[in-house]
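Please treat every number below as a calculation from the coordinates, not as lab data. The structure presented is a predicted model; accordingly, all values stated were derived computationally and were not measured. No Cβ is skipped: glycine too gets one built from the backbone with ideal geometry, and neighbour counts run over all protein chains shown.
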Amino acid sequence: MSTLKQRVSGVVGVMLLTGVCGALAGYWWGRDFTLRHMTGKLDQYAERIRTGGDVSSAEGRAVLDELNASTDPYCSDAEIEHFRKLIYASEYLKDGGRVRNGRIDCTAMLGRVTGADARLGQGVTRADGTRFYRDMDLFRIQGQMAPAVEKGNALIVYSPFNRKEFQSSSMHYTVTNRGGDNGQTRLLGDLPLTGNAILTTEGSAQVGDVLYATRCSDRFAFCVTAYATANEALETESGQRTAYVVLSALCGALLGFTCSVAYSRRQSLEQRLRRAIRRKAIQVAYQPVVDLKTGRIVGAEALARWTDAGHGDVSPEVFIRIAEERGFVNEITRLIAGKALADLSVLLPTCPEFRLSVNIAPQDLDDPAFLPMLEQATAKAGVPAQCLVMEITERAAANSQAAKDAIVRLRSKGHSVHIDDFGTGYSNLAYLHDLSVDGLKIDKAFTQSVGTESVQVLILPQILSLAASLGLQVTVEGIETEEQALYFRTSPLPMLGQGWYLGRPMPVEMFLRVFETQERAAAETAALL
Ligand code: C2E
Ligand code: MG
Ligand code: MG
């Protein structure tokens with residue numbers, strides 16, 4: 001038996017293991033969440049730059065049109081002064097001027113220009129006929145490039161500082177031209193890491209370790225792609241990821257704690273149950289089985305009861321399941337059958353009509369010692385075999401040929417076999433034809449559907465007529481109300497009932513008192529007649 005120290009170290013070990021598993025799961029969830037979150041952030045970033053690009057492009061185009069529309073003499077002082085006013089009034093422009101034959105002749109800020117610097121160089125032709133110059137030496141400021149756009153005989157230069165507001169430590173962007181002679185070319189931003197399809201198609205993508213989000217302008221021929229590597233994303237959101245790891249580790253440890261406590265509680269329950277069986281400390285309660293037509297008690301179902309010093313009253317649903325799962329339920333059956341036969345040995349031999357019902361488990365049917373044990377117990381109590389009814393659930397009875405054979409052997413020895421909780425296991429009632437049984441106990445779920453709109457109440461007449469056609473004894477479980485009792489009492493079939501309305505499970509002394517009172521009253525009535 002494990003000591004308290006062993007149990008505590010077992011729980012701590014499980015908590016550590018599940019905590020580590022939780023942390024690992026949290027690491028991967030956190031990573032996945034962070035990358036998805038980053039994709040959303042990139043999309044917003046690309047959208048912000050696209051909107052900014054639309055606004056500055058609109059202003060640039062308008063100023064270009066105004067420069068081209070100038071009526072002042074070409075590059076005259078008056079025209080330069082006129083241009084200067086326009087540039088000062090603009091929000092995004094740094095300069096603007098005149099161009100002809102691939103040369104800048106004058107600008108608002110530089111005046112008339114001569115020399116090699118004034119050549120326009122290689123530009124990108126845009127879909128709207130403008131030409132874009134990404135990096136002109138003439139307009140560099142503090143190492144920053146100032147992009148310029150040419151249209152007709154005019155040129156505008158954007159301030160490089162416009163883009164400052166778009167700088168981010170964890171995300172990058174690139175602006176790509178769409179259409180025009182040069183096709184898809186970079187206009188602004190960092191060097192793209194991917195091919196053009198992603199750079200000019202709206203949406204999000206991941207290529208290798210890099211996440212991308214692209215937004216394209218409806219008004220101008222450009223797309224903005226924001227991108228970041230997975231490492232950059234994970235570095236920026238490391239706090240969030242740590243939170244995921246810690247939280248998941250805690251959840252894992254908590255789960256481990258709950259499971260191991262439940263397991264050790266169950267284990268200790270099993271050990272306690274085994275001890276209770278060894279000490280014959282499992283009690284039996286008797287619930288009257290009543291003939292619904294006459295109201296007389298004609299039998300009793302023996303129900304196992306266990307009160308544990310530590311856990312209090314433990315439901316048979318719980319401890320029978322533990323015994324079934326751990327393979328020692330036959331010990332309970334032996335104990336209950338032996339006790340019940342001994343308890344009622346004063347009554348059974350003198351009341352040949354009385355039936356004692358005992359619940360048996362599927363494992364009992366597989367146990368070669370089961371029948372000999374019954375024979376021995378009935379002989380010891382001096383009880384005829386036909387007084388004993390075996391209750392077995394339909395699942396256990398119908399599941400294997402071995403179970404069916406065992407049922408046949410039980411019946412050949414004179415015992416009755418009833419299907420317990422009938423109607424809960426199989427939806428098809430036809431299997432009953434294959435089973436050799438004496439009766440069925442309609443499950444309490446059906447009984448409790450009487451007087452309701454439930455579909456189960458519609459199946460009841462079908463079950464009753466099937467039982468009648470097969471000549472089976474019907475017992476109705478779980479009768480709790482007068483209405484339910486009346487429903488079955490008025491059936492033309494002979495019908496037995498069991499339930500709180502007719503009598504709760506009770507200790508043997510009480511049951512014998514109730515039964516004797518009934519028998520005495522019946523005898524007195526008979527004497528009067
Ligand atoms: P079961 O064989 O169907 O027993 C009937 C159950 O319904 C009993 O629950 C009983 O107390 C309960 N009951 C009786 N009348 C009413 C009623 O009017 N309304 C409601 N709601 N319930 C009612 P219990 O004693 O808790 O037993 C539960 C199950 O545990 C039994 O169902 C049986 O399957 C199993 N069991 C009990 N004793 C033994 C045993 O000795 N051996 C085996 N293998 N199983 C047993
Ligand atoms: Mg039963
Ligand atoms: Mg039942």
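Odds and ends about this structure:
- Values of log10 I(q)/I(0), in the order q = 0.11, 0.17 Å⁻¹, for region 264-528 under a Debye, Cα-only, solvent-free model: -0.63, -1.48
- For 482, 317, 375, order by how many other beta-carbon atoms lie within 10 Å, fewest first: 317, 482, 375
- The order of 432, 273, going from fewest to most other C-beta atoms within 10 Å of their C-beta, is 432, 273.
- Against the chain, whose longest principal axis comes from its Cα atoms, helix 508-528 is set at around 50 degrees.
- On Cα atoms only, tilt of 316-326 relative to the major axis of the chain in degrees: 80
- Calculated Rg and Dmax of region 43-95 using C-alpha coordinates, Å: 14.2, 47
- Calculated P(r) of region 36-234 - Cα pairs past 32 Å, %: 20
- Model label points for residue 27 and residue 153, set 7 angstrom from Cα along the Cα-to-Cβ axis, are 6.9 nm apart.
- Expressed in units of 2.2 N^0.38 Å, where N is the residue count, the Cα radius of gyration of the chain is 1.90.
- Mean separation of Cα contacts under 8 Å (6+ apart) over length of the chain, as relative contact order %: 12
- Size of electric dipole in region 36-234: Cβ of Lys, Arg +1 and of Asp, Glu -1, about Cα centre, debye, nearest 20: 200
- Extreme residue, positive dipole direction of the chain, given options 385, 485, 34 (C-beta unit charges): 34
- Calculated FRET efficiency for the pair residue 529/residue 500, C-beta based, R₀ 30 Å, to 0.05: 0.40
- Residue separation of residue 81 and residue 408 scaled by 0.36 nm, minus their Cα-Cα distance, works out to 106.1 nm of gained length.
- Within the straight-line cut-off of under 16 Å between alpha carbons, the lysines reachable from residue 280 are 339, sequence neighbours fewer than 8 places apart in one chain being disregarded.
- Between residue 7 and residue 117, the contour length at 0.36 nm per residue exceeds the Cα-Cα span by 31.1 nm.
- Taking 4.7 Å between beta carbons as the limit, the unpaired Cys residues of the chain are 21, 251, 259, 351, 387.
- Rounded to 0.05, the FRET efficiency of the residue 127 and residue 257 pair, given R0 = 51 Å and the Cβ-Cβ distance, is 0.20.
- Bridges between two residues of the chain, per DSSP, are antiparallel at a rate of about 70%.
- Degrees between helix 370-381 axis and first principal axis of the chain (Cα, 0 to 90, nearest 10): 40
- Signed unit charges on C-beta, dipole axis of region 210-286, positive-most listed residue 286, 221, 261: 286
- Two-site FRET efficiency, residue 454 against residue 36, from Cβ-Cβ distance with R₀ of 45 Å, rounded to 0.05: 0.45
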